[in-house]
Structure formats: structure tokens, C-alpha cells
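The next block holds one structure in the form of C-alpha cells; read it before the comments.
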Amino acid sequence: MDTFPTELGILTCLTLFAATMWIPYIVGVVRNPLPEGAPDTFLRPGNLNDLPAWVHRAHRAHLNLLEQFVPFAVLVLILDRVDGFTALTYWVAIVFFWVRIAHAVGMIGGWARMPLRPMLYNIGWVCCMLLGYAVFAGALA
């Protein structure tokens, strides 16, 4: 049996993380009911500004994760398909995972403020660019 590449393990963990990032937001929504007479949130989502700041940040953290998760996932799957995993992709995947965890925890907790939050997001972007480089470097080799 072949070994399970670290990059696919990271992708699996990130998939599970993305699949559970709705929980902090929903906990915040449930703990902070809408004021009397507010419109039904089933018909139209409530205004995030009516909720505590951490709930709004939890929603944004989930969206930010999904923005980078999709390109990361596609690139890892392409690399797996073309047998392109290298030491670079190994370390990039590990860095990406921990940066995304730090970004989400820091954003929800409110401590990842300027300039830390955009730095974490940009590190994730650089990781995606490095994986893209690995795809093309492997294809041209």
C-alpha cells in the first residue's frame, strides 16, 4: 500500500476544519437572539452588525478560509494527480495549515489585528502561489 502523502493529510484536515467553521458563527447567532419584531432570518439573513463583533468576525473567518481553501485544494489535487509532491509542497502545505488555523483563531478571538491578520492571509496566498509554481515546475521538468 502506498503511503498517504502529508499534503493530502493536510487537505483532509483543512476540509474538516472548513466544514466545522460554521459552528462559532451559529453559536453566536443562537446566543444573541434578534430583537422583537425583527424580520425572520429564514426569509432574509439577519444583519451581522446586530450581533457581537466576534460573531461577525467568525463569519468573516469562515469566508476567508473558503477563499483560500478552494485554490489550495485544487492545487494539491493537481499535484497528487501529476505525482508532483516534493519537499517544497510538503512544507508549504504544513505552513498553510497552521497559518489558516492562526488566522481563524486570531480573527474570531480578535487578536489578529492589523498588520497581523493581512500578513497571515498573504502568507496563505504565497503558499498557494508556491503550489502553483510546483505544478508548473513539475510539468516543465
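Using mean Cβ contacts within 10 Å as the protection proxy, how do 121-128, 133-140 order, highest first?
121-128, 133-140
What does the extension gain come out to for T12 and L116, with contour length at 0.36 nm per residue minus their alpha carbon separation?
So the chain would gain 34.8 nm between T12 and L116.
How much area per residue is accessible in segment 59-121 when the probe is 1.4 Å and only protein heavy atoms are counted (Å²)?
54 Å²
Based on the mean of other beta carbon atoms within 10 Å per residue, what is the order of 108-119, 62-73, most packed first?
By packing density, highest mean first, the sequence is 62-73, 108-119.
Give me a comma-separated list of calculated 3J(HN,Hα) values for segment 62-71, in order, Karplus coefficients 6.51, -1.76, 1.60 applied at θ = phi - 60°, integers in Hz, x for any Gly or Pro.
3J(HN,Hα) across segment 62-71, in whole Hz: 5, 4, 4, 4, 5, 4, 9, 5, 4, x.
Can you work out ³J(HN,Hα) from phi for every residue in segment 75-91, in order, using Karplus 6.51 cos²θ - 1.76 cosθ + 1.60 and θ = phi - 60°, giving whole Hz and x for Gly and Pro?
5, 5, 5, 5, 4, 5, 5, 9, 6, x, 6, 9, 4, 4, 5, 4, 6
Please turn the phi angles of segment 8-20 into ³J(HN,Hα) values with the Karplus equation 6.51 cos²θ - 1.76 cosθ + 1.60 (θ = phi - 60°), one per residue in order, whole Hz, x for glycine and proline.
6, x, 4, 4, 4, 5, 5, 5, 5, 5, 4, 6, 10
Kindly give Rg over Rh for the chain, based on alpha-carbon atoms, with the Kirkwood expression for the hydrodynamic radius.
With Rg and the Kirkwood Rh in hand, the quotient comes to 1.09.
Can you give the relative contact order of the chain as a percent, counting alpha carbon pairs under 8 Å and 6+ residues apart?
Numbers: 113 pairs, mean separation 42.4, N = 141.
Contact order relative to length: 30 percent.
Write down the radius of gyration of segment 69-108 and its Dmax, each obtained from C-alpha positions, in Å.
When restricted to the Cα atoms of segment 69-108, Rg and Dmax are 11.7, 37 Å.
Give me the percent of accessible area attributable to carbon and sulfur for the chain, probe 1.4 angstrom.
Its accessible area is 69 percent carbon and sulfur atoms.
Could you please put V30, V105 in sequence from largest to smallest accessible area, using a 1.4 Å probe?
I get V30, V105, largest accessible area first.
Please tell me the relative contact order of segment 72-139 in percent, rounded to the nearest whole number, where contacts are Cα pairs under 8 Å and at least six residues apart.
51 percent
The values are calculated or read from the model by the stated rules, or taken from the named source; none is laboratory data. Quick caveat: nothing in here was measured; it's all calculated off a predicted structure. When we count neighbours, we look across all protein chains shown, and the Cβ atoms used for this are built from the backbone with ideal geometry, even at glycine. Side chains are part of the model used for accessible areas, which takes the heavy atoms of the whole protein and leaves out ligands, DNA and RNA. Shrake-Rupley method; radii C 1.70, N 1.55, O 1.52, S 1.80 Å.
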